[in-house]
Amino acid sequence: MHTESPRSTRSPKAVTFLRVPVLLAAGMMTMGSGMGNPGCGSSYPDCEEGCAIEGTYTLQFADTSPPGGGCERLGVGLPKGPLVLNVSDGYVTGELDGITLSTYYYGEPSRKLDFSVSQLLTDQKLDRTIRITSTVAAPSPRSSTDRSVIEGEYELRLASSENIDLQCFIQRNFTATR
């Protein structure tokens, strides 16, 4: 019976030489998994230019007229502001009239800053959805002392879960300035 292993006949150089392609193949298969290259599995986006959007913004709406109808019956109007933004590793949290918003911000060239939040207000039996689609105006801020302007659209939808006739919809263009 033969007890000698075939591996003992390989040279140590050949084994070392084969390790490199195996390691490269393993590295390619795990890209984006958090094991090296951040890729698609990254925990936050890279924001390299125009990322200093943190701060307190004053809101101005193009149309300040009362929203009317169900909005007035529900006691809802345009937000007063300010819009307060905090940024950490490209993740933006905002607060507007006591409502917390969050999204990612990639900076230039897109400069898009879009928020969306849906909530069930159980005490009032209302479904509330707020959507803010906006763009940081060029030139986007490079430091916290640079002027920053955000332009976009504010949208609020409120619907009563008990009374189908009691609804509110507000859609207005805005400018927010820091």
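The values are calculated or read from the model by the stated rules, or taken from the named source; none is laboratory data. This one's a predicted model, so the numbers in the text were calculated from it and none came from an experiment. Don't worry about glycine lacking a Cβ; one is built from the backbone with ideal geometry, like all the others, and counts go over all protein chains shown. Protein only, heavy atoms only, side chains kept; ligands, DNA and RNA dropped before computing areas. Shrake-Rupley method; radii C 1.70, N 1.55, O 1.52, S 1.80 Å.
Key figures for this structure:
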| read-out | value |
| --- | --- |
| At R0 = 22 Å, FRET efficiency that the Cβ-Cβ distance of T129 and K80 yields, to 0.05 | 0.70 |
| Full-extension gain in nm, Y104 to E162, via 0.36 nm per residue minus C-alpha separation | 17.4 nm |
| Potential lengthening between E48 and D97 on full extension [0.36 nm per residue; Cα-Cα distance subtracted] | 14.6 nm |
| Accessible-area ranking of C51, C71, largest first, probe 1.4 Å | C51, C71 |
| Cut-off 14 Å between beta-carbons: net charge of the residues surrounding S102, Lys and Arg +1, Asp and Glu -1 | -3 |
| The stretch 55-177, relative contact order [Cα under 8 Å, separation at least 6], % | 25 |
| E72 - accessible surface, heavy atoms, 1.4 Å probe, Å² rounded to 10 | 110 |
